[in-house]
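The values are calculated or read from the model by the stated rules, or taken from the named source; none is laboratory data. Note that the structure is a prediction, hence the values are computed from the model and not measured. Neighbour counts run over all protein chains shown; Cβ positions are idealised from the backbone, glycine included.
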Amino acid sequence: MTSLLDQTRFSESIYKPTMARIVDINDLTALDRLFTVELPDGVYLDHQPGQFVKVSVLGVGEAPISISSSPSRTRQTFELAIRKVGDLTGVLHDLQAGAMVGIRGPFGQGFPMDRFKGKNLLFIAGGCGIAPLRSLINQVLDDRGSYGHMQILYGSRSAADLMFKDELHEWENREDVELLLSMEKADIDWPACTTGYVTHLFPQIELDPRNTIAVIIGPPVMYKPTIAQVRNKGIIEGNIWLSFERRMKCGVGKCGHCQINHIYVCRQGPAFQYQHVKDLQEAM
Ligand SMILES: Cc1cc2nc3c(=O)[nH]c(=O)nc-3n(C[C@H](O)[C@H](O)[C@H](O)COP(=O)(O)OP(=O)(O)OC[C@H]3O[C@@H](n4cnc5c(N)ncnc54)[C@H](O)[C@@H]3O)c2cc1C
Ligand code: FES
(Lines give C-alpha, C1' and ligand atoms only; values in the text may rest on other atoms or scores of the structure.)
(Ligands and ions follow the chains in the order given, each with its own letter.)
Protein backbone atom coordinates (compact mmCIF):
# COMPACT_ATOMS: atom_id res chain seq x y z
CA MET A 1 0.00 0.00 0.00
CA THR A 2 1.22 3.53 -0.83
CA SER A 3 -0.09 6.71 0.76
CA LEU A 4 -1.72 9.13 -1.69
CA LEU A 5 0.85 11.80 -0.82
CA ASP A 6 3.79 9.47 -1.55
CA GLN A 7 2.21 8.47 -4.84
CA THR A 8 1.85 12.19 -5.74
CA ARG A 9 5.48 12.87 -4.80
CA PHE A 10 6.59 10.26 -7.30
CA SER A 11 4.26 11.51 -10.05
CA GLU A 12 5.18 14.33 -12.43
CA SER A 13 3.19 17.07 -10.65
CA ILE A 14 1.81 17.86 -7.21
CA TYR A 15 -1.12 19.47 -9.02
CA LYS A 16 -2.16 16.27 -10.78
CA PRO A 17 -5.11 14.69 -8.95
CA THR A 18 -5.56 10.98 -8.44
CA MET A 19 -8.93 9.83 -9.76
CA ALA A 20 -11.04 8.27 -7.01
CA ARG A 21 -14.52 6.72 -7.02
CA ILE A 22 -17.48 7.98 -5.01
CA VAL A 23 -18.85 4.76 -3.53
CA ASP A 24 -21.67 6.18 -1.40
CA ILE A 25 -23.60 9.43 -1.00
CA ASN A 26 -25.89 10.20 1.94
CA ASP A 27 -27.92 13.29 2.76
CA LEU A 28 -26.91 14.99 6.02
CA THR A 29 -29.15 18.07 5.73
CA ALA A 30 -30.99 19.77 2.85
CA LEU A 31 -27.68 21.38 1.81
CA ASP A 32 -25.03 18.91 3.02
CA ARG A 33 -24.16 15.50 1.67
CA LEU A 34 -21.67 12.93 2.93
CA PHE A 35 -19.54 11.44 0.15
CA THR A 36 -17.63 8.22 0.72
CA VAL A 37 -14.64 8.21 -1.62
CA GLU A 38 -12.50 5.21 -2.54
CA LEU A 39 -8.93 5.54 -3.75
CA PRO A 40 -7.50 3.20 -6.41
CA ASP A 41 -6.23 -0.22 -5.33
CA GLY A 42 -3.13 -0.07 -3.22
CA VAL A 43 -3.44 3.63 -2.36
CA TYR A 44 -4.68 4.99 0.97
CA LEU A 45 -5.17 8.52 2.27
CA ASP A 46 -3.04 8.41 5.46
CA HIS A 47 -4.47 11.61 6.96
CA GLN A 48 -4.64 13.24 10.39
CA PRO A 49 -7.83 14.77 11.84
CA GLY A 50 -7.95 18.41 10.75
CA GLN A 51 -6.35 17.94 7.32
CA PHE A 52 -8.11 18.56 4.01
CA VAL A 53 -8.05 17.29 0.44
CA LYS A 54 -8.54 19.19 -2.80
CA VAL A 55 -11.51 17.72 -4.67
CA SER A 56 -11.95 18.33 -8.38
CA VAL A 57 -14.32 17.61 -11.22
CA LEU A 58 -12.86 17.84 -14.70
CA GLY A 59 -13.94 21.00 -16.50
CA VAL A 60 -15.58 22.48 -13.40
CA GLY A 61 -12.94 23.21 -10.76
CA GLU A 62 -11.30 22.23 -7.53
CA ALA A 63 -12.04 23.05 -3.85
CA PRO A 64 -10.54 22.29 -0.46
CA ILE A 65 -12.74 19.99 1.64
CA SER A 66 -11.99 18.78 5.16
CA ILE A 67 -11.71 15.07 5.75
CA SER A 68 -14.63 14.19 7.96
CA SER A 69 -13.85 10.53 8.65
CA SER A 70 -11.35 9.41 11.25
CA PRO A 71 -8.13 7.73 10.12
CA SER A 72 -8.84 5.14 12.81
CA ARG A 73 -11.99 3.96 10.98
CA THR A 74 -11.16 3.70 7.30
CA ARG A 75 -8.06 3.19 5.19
CA GLN A 76 -8.96 2.85 1.54
CA THR A 77 -12.11 4.97 1.79
CA PHE A 78 -12.65 8.33 3.44
CA GLU A 79 -15.60 10.68 3.94
CA LEU A 80 -16.23 14.28 2.91
CA ALA A 81 -19.22 16.32 4.12
CA ILE A 82 -19.90 18.81 1.35
CA ARG A 83 -22.25 21.80 1.44
CA LYS A 84 -23.81 22.90 -1.84
CA VAL A 85 -22.78 26.55 -2.16
CA GLY A 86 -21.62 27.12 -5.74
CA ASP A 87 -20.27 25.74 -9.00
CA LEU A 88 -18.14 22.78 -7.94
CA THR A 89 -20.17 21.77 -4.90
CA GLY A 90 -23.34 22.04 -7.02
CA VAL A 91 -21.91 19.60 -9.58
CA LEU A 92 -20.69 17.27 -6.81
CA HIS A 93 -24.20 17.19 -5.37
CA ASP A 94 -25.56 16.11 -8.76
CA LEU A 95 -23.18 13.11 -8.98
CA GLN A 96 -24.29 9.54 -8.29
CA ALA A 97 -22.37 6.76 -6.55
CA GLY A 98 -19.86 5.34 -9.03
CA ALA A 99 -18.77 8.75 -10.38
CA MET A 100 -15.07 9.64 -10.40
CA VAL A 101 -13.58 12.78 -8.82
CA GLY A 102 -10.01 14.06 -8.58
CA ILE A 103 -8.31 14.04 -5.17
CA ARG A 104 -5.07 15.73 -4.08
CA GLY A 105 -3.71 15.64 -0.57
CA PRO A 106 -4.07 15.17 2.30
CA PHE A 107 -2.80 18.71 2.87
CA GLY A 108 -2.08 21.02 5.79
CA GLN A 109 -1.38 20.46 9.44
CA GLY A 110 -3.96 18.51 11.39
CA PHE A 111 -4.36 18.40 15.16
CA PRO A 112 -1.42 17.08 17.21
CA MET A 113 -3.05 13.96 18.67
CA ASP A 114 0.03 13.05 20.70
CA ARG A 115 -0.15 16.37 22.55
CA PHE A 116 -3.83 15.78 23.31
CA LYS A 117 -3.22 12.37 24.93
CA GLY A 118 -3.89 12.27 28.66
CA LYS A 119 -5.79 15.59 28.52
CA ASN A 120 -9.45 16.41 28.99
CA LEU A 121 -10.93 17.57 25.70
CA LEU A 122 -13.46 20.32 25.10
CA PHE A 123 -14.65 20.20 21.48
CA ILE A 124 -16.70 23.17 20.23
CA ALA A 125 -18.35 23.10 16.80
CA GLY A 126 -20.47 25.69 15.05
CA GLY A 127 -22.49 24.77 11.94
CA CYS A 128 -20.42 22.81 9.39
CA GLY A 129 -17.47 22.90 11.80
CA ILE A 130 -18.78 19.58 13.05
CA ALA A 131 -17.61 17.97 9.75
CA PRO A 132 -13.84 18.27 10.41
CA LEU A 133 -14.35 17.94 14.17
CA ARG A 134 -16.06 14.57 13.64
CA SER A 135 -12.76 13.16 12.36
CA LEU A 136 -11.07 14.22 15.60
CA ILE A 137 -13.96 13.08 17.83
CA ASN A 138 -14.08 9.59 16.32
CA GLN A 139 -10.30 9.28 16.46
CA VAL A 140 -10.47 9.98 20.21
CA LEU A 141 -13.45 7.62 20.69
CA ASP A 142 -11.49 4.82 18.98
CA ASP A 143 -8.65 5.27 21.45
CA ARG A 144 -10.80 6.44 24.35
CA GLY A 145 -8.48 5.20 27.10
CA SER A 146 -5.71 7.57 25.99
CA TYR A 147 -7.71 10.72 26.73
CA GLY A 148 -9.47 12.22 29.74
CA HIS A 149 -12.97 13.69 30.05
CA MET A 150 -14.60 14.57 26.71
CA GLN A 151 -17.10 17.39 26.26
CA ILE A 152 -18.70 18.32 22.94
CA LEU A 153 -20.56 21.60 22.46
CA TYR A 154 -22.33 21.83 19.10
CA GLY A 155 -24.20 24.92 17.96
CA SER A 156 -26.60 24.71 15.05
CA ARG A 157 -29.30 26.98 13.59
CA SER A 158 -32.12 24.45 13.95
CA ALA A 159 -32.74 20.72 14.16
CA ALA A 160 -32.89 20.56 10.35
CA ASP A 161 -29.31 21.91 10.19
CA LEU A 162 -27.85 19.30 12.56
CA MET A 163 -25.35 17.09 10.77
CA PHE A 164 -24.53 13.45 11.68
CA LYS A 165 -27.71 12.99 13.74
CA ASP A 166 -27.17 9.22 14.19
CA GLU A 167 -23.71 9.79 15.59
CA LEU A 168 -24.96 12.58 17.84
CA HIS A 169 -27.36 10.05 19.38
CA GLU A 170 -24.50 7.56 19.82
CA TRP A 171 -22.32 10.18 21.52
CA GLU A 172 -25.25 11.29 23.67
CA ASN A 173 -25.76 7.70 24.86
CA ARG A 174 -22.13 7.18 25.87
CA GLU A 175 -21.26 7.60 29.52
CA ASP A 176 -17.76 8.83 28.66
CA VAL A 177 -18.95 11.74 26.47
CA GLU A 178 -20.79 14.89 27.53
CA LEU A 179 -22.67 16.34 24.55
CA LEU A 180 -24.53 19.65 24.72
CA LEU A 181 -26.41 21.20 21.81
CA SER A 182 -27.47 24.78 21.21
CA MET A 183 -29.90 25.96 18.57
CA GLU A 184 -31.05 29.37 17.54
CA LYS A 185 -34.44 27.73 17.06
CA ALA A 186 -34.51 24.82 19.55
CA ASP A 187 -37.14 22.76 17.74
CA ILE A 188 -35.92 19.35 18.87
CA ASP A 189 -36.63 16.97 21.70
CA TRP A 190 -33.08 16.53 22.99
CA PRO A 191 -32.05 15.96 26.60
CA ALA A 192 -29.43 18.72 26.64
CA CYS A 193 -30.40 21.41 24.14
CA THR A 194 -30.25 25.14 24.87
CA THR A 195 -31.80 27.93 22.84
CA GLY A 196 -29.14 30.33 21.60
CA TYR A 197 -25.57 30.23 20.35
CA VAL A 198 -22.89 27.70 21.28
CA THR A 199 -21.46 30.30 23.69
CA HIS A 200 -24.66 29.99 25.74
CA LEU A 201 -23.64 26.45 26.71
CA PHE A 202 -20.57 27.50 28.71
CA PRO A 203 -22.37 28.18 32.02
CA GLN A 204 -23.49 24.52 31.98
CA ILE A 205 -20.04 22.93 31.82
CA GLU A 206 -17.47 22.32 34.50
CA LEU A 207 -13.86 21.59 33.66
CA ASP A 208 -10.36 21.53 35.05
CA PRO A 209 -8.61 24.35 33.14
CA ARG A 210 -5.13 23.07 34.01
CA ASN A 211 -5.65 19.83 32.12
CA THR A 212 -8.11 20.73 29.34
CA ILE A 213 -7.47 21.29 25.63
CA ALA A 214 -10.16 23.24 23.75
CA VAL A 215 -10.65 22.74 20.01
CA ILE A 216 -12.91 25.23 18.19
CA ILE A 217 -14.13 24.84 14.60
CA GLY A 218 -16.86 26.93 13.03
CA PRO A 219 -17.64 30.05 11.03
CA PRO A 220 -15.29 33.05 11.54
CA VAL A 221 -17.94 34.98 13.49
CA MET A 222 -17.91 32.32 16.19
CA TYR A 223 -14.22 32.50 17.12
CA LYS A 224 -13.96 35.73 19.14
CA PRO A 225 -16.90 35.12 21.51
CA THR A 226 -16.09 31.41 21.86
CA ILE A 227 -12.42 32.02 22.64
CA ALA A 228 -13.53 34.60 25.23
CA GLN A 229 -15.70 31.94 26.91
CA VAL A 230 -12.91 29.36 26.81
CA ARG A 231 -10.44 31.86 28.33
CA ASN A 232 -13.09 32.76 30.92
CA LYS A 233 -13.06 29.11 32.01
CA GLY A 234 -9.33 29.51 32.73
CA ILE A 235 -7.93 27.59 29.75
CA ILE A 236 -4.57 29.07 28.71
CA GLU A 237 -3.89 30.23 25.13
CA GLY A 238 -1.45 27.39 24.48
CA ASN A 239 -4.24 24.87 25.11
CA ILE A 240 -6.67 26.37 22.60
CA TRP A 241 -6.70 25.04 19.03
CA LEU A 242 -8.77 26.19 16.09
CA SER A 243 -9.13 25.68 12.36
CA PHE A 244 -9.40 28.34 9.65
CA GLU A 245 -11.13 28.26 6.28
CA ARG A 246 -9.59 30.53 3.66
CA ARG A 247 -10.01 30.78 -0.10
CA MET A 248 -7.38 28.38 -1.50
CA LYS A 249 -5.97 27.44 -4.88
CA CYS A 250 -2.81 25.33 -4.85
CA GLY A 251 -3.20 23.88 -1.33
CA VAL A 252 0.55 23.46 -1.00
CA GLY A 253 1.98 26.89 -0.10
CA LYS A 254 2.85 28.10 -3.61
CA CYS A 255 0.18 30.56 -4.82
CA GLY A 256 -0.47 32.80 -1.80
CA HIS A 257 -4.28 32.68 -2.09
CA CYS A 258 -4.70 31.52 1.50
CA GLN A 259 -2.11 33.88 2.98
CA ILE A 260 -2.88 35.95 6.10
CA ASN A 261 0.15 38.17 6.78
CA HIS A 262 3.10 35.75 7.05
CA ILE A 263 0.92 32.66 7.43
CA TYR A 264 -0.01 30.23 4.66
CA VAL A 265 -3.17 28.61 5.99
CA CYS A 266 -2.98 25.68 3.56
CA ARG A 267 0.49 24.67 4.71
CA GLN A 268 0.87 25.89 8.31
CA GLY A 269 -2.83 25.25 9.09
CA PRO A 270 -5.72 24.83 8.83
CA ALA A 271 -5.32 23.67 12.47
CA PHE A 272 -3.56 26.31 14.57
CA GLN A 273 -2.66 26.84 18.19
CA TYR A 274 -4.49 30.02 19.20
CA GLN A 275 -1.39 31.74 20.57
CA HIS A 276 0.23 31.60 17.11
CA VAL A 277 -2.68 33.30 15.29
CA LYS A 278 -4.33 35.48 17.92
CA ASP A 279 -2.82 38.68 16.48
CA LEU A 280 -4.08 38.04 12.96
CA GLN A 281 -6.90 40.60 12.75
CA GLU A 282 -8.00 39.29 9.38
CA ALA A 283 -8.35 35.74 10.64
CA MET A 284 -11.00 36.28 13.30
C1 LIG B 1 -9.42 24.13 4.62
C2 LIG B 1 -10.82 24.17 4.10
C3 LIG B 1 -11.70 23.15 4.39
C4 LIG B 1 -13.01 23.18 3.92
N5 LIG B 1 -13.83 22.15 4.24
C6 LIG B 1 -15.07 22.11 3.71
C7 LIG B 1 -15.92 21.00 3.99
O8 LIG B 1 -15.57 20.05 4.71
N9 LIG B 1 -17.15 21.00 3.43
C10 LIG B 1 -17.59 22.04 2.62
O11 LIG B 1 -18.72 21.97 2.14
N12 LIG B 1 -16.81 23.10 2.36
C13 LIG B 1 -15.56 23.16 2.89
N14 LIG B 1 -14.75 24.24 2.61
C15 LIG B 1 -15.29 25.35 1.80
C16 LIG B 1 -15.27 24.96 0.33
O17 LIG B 1 -13.92 24.83 -0.11
C18 LIG B 1 -15.97 26.03 -0.51
O19 LIG B 1 -17.32 26.08 -0.12
C20 LIG B 1 -15.84 25.66 -1.98
O21 LIG B 1 -14.62 26.16 -2.45
C22 LIG B 1 -16.96 26.21 -2.80
O23 LIG B 1 -16.69 25.87 -4.13
P24 LIG B 1 -17.81 26.10 -5.26
O25 LIG B 1 -17.11 26.05 -6.58
O26 LIG B 1 -18.94 25.16 -5.05
O27 LIG B 1 -18.33 27.54 -4.91
P28 LIG B 1 -18.02 28.90 -5.71
O29 LIG B 1 -18.88 28.89 -6.92
O30 LIG B 1 -16.57 29.12 -5.86
O31 LIG B 1 -18.54 29.98 -4.63
C32 LIG B 1 -19.81 29.92 -4.05
C33 LIG B 1 -19.91 30.93 -2.91
O34 LIG B 1 -19.12 30.49 -1.79
C35 LIG B 1 -18.15 31.48 -1.48
N36 LIG B 1 -16.93 30.73 -1.11
C37 LIG B 1 -16.19 29.92 -1.87
N38 LIG B 1 -15.16 29.41 -1.16
C39 LIG B 1 -15.27 29.92 0.09
C40 LIG B 1 -14.51 29.79 1.27
N41 LIG B 1 -13.40 29.02 1.36
N42 LIG B 1 -14.92 30.46 2.38
C43 LIG B 1 -16.00 31.24 2.33
N44 LIG B 1 -16.76 31.41 1.23
C45 LIG B 1 -16.40 30.77 0.13
C46 LIG B 1 -17.99 32.30 -2.71
O47 LIG B 1 -17.56 33.60 -2.42
C48 LIG B 1 -19.40 32.29 -3.27
O49 LIG B 1 -20.22 33.23 -2.63
C50 LIG B 1 -13.45 24.26 3.10
C51 LIG B 1 -12.58 25.29 2.80
C52 LIG B 1 -11.27 25.26 3.29
C53 LIG B 1 -10.34 26.36 2.97
S1 FES C 1 -3.60 27.85 -1.34
FE2 FES C 1 -1.85 28.36 -2.45
S3 FES C 1 -0.51 29.08 -0.94
FE4 FES C 1 -2.19 28.31 0.20
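Quick look at the values:
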{"quantity": "Tally of residues being surrounded by 15 or more Cβ atoms within 10 Å (Cβ to Cβ) and within 16 Å of ligand 1 (Cβ to nearest atom) across the range 21-32", "calculated": "6"}
{"quantity": "Unmet requirement for Leu88, which otherwise passes all of (1) within 13 Å of ligand 1 (Cβ to nearest atom); (2) over 15 Å from the mean Cα position of the chain (by Cα); (3) more than 23 Å from Asp161 (Cβ to Cβ)", "calculated": "(3)"}
{"quantity": "First in the range 213-233 and in the same structural domain as Ala131 (by TED's automatic domain parsing) and modelled with pLDDT under 95, second anywhere and among the charged types (D, E, K, R) and surrounded by fewer than 22 Cβ atoms within 10 Å (Cβ to Cβ), Cβ under 9 Å, 6 or more apart", "calculated": "Pro219/Glu245; Pro220/Glu245"}
{"quantity": "For Leu45: the one exception among (1) within 10 Å of ligand 1 (Cβ to nearest atom); (2) under 20 Å from Tyr15 (Cβ atoms); (3) not acidic (Asp, Glu)", "calculated": "(1)"}
{"quantity": "Residue within the range 111-121 that is in the same structural domain as Leu179 (by TED's automatic domain parsing), modelled with pLDDT of 95 or more and within 19 Å of Glu172 (Cα to Cα) present", "calculated": "yes"}
{"quantity": "Some residue of the range 125-144 being at pLDDT 95 or above, of a type in the set (Asp, Glu) and farther than 23 Å from Asp27 by Cβ", "calculated": "yes"}
{"quantity": "Thr212 being within 23 Å of Ile236 (Cβ to Cβ) and in contact with a strand residue (DSSP E or B) (Cβ under 6 Å, 6 or more places away or on another chain)", "calculated": "yes"}
{"quantity": "Output for the range 183-203, where each listed residue is in contact with a Cys (Cβ under 7 Å, 6 or more places away or on another chain) and closer than 17 Å to Ile130 by Cα", "calculated": "Met183"}
{"quantity": "Strands (runs of 3 or more DSSP E) completely within the range 183-284 that count 2 or more residues being within 16 Å of ligand 1 (Cβ to nearest atom) and under 17 Å from the mean Cα position of the chain (by Cα)", "calculated": "212-217, 240-243, 271-273"}
{"quantity": "From Val265, Val252, residue being crowded, with 23+ Cβ neighbours inside 10 Å, hydrophobic (A, V, I, L, M, F, W, C) and within 10 Å of ligand 2 (Cβ to nearest atom)", "calculated": "Val265"}
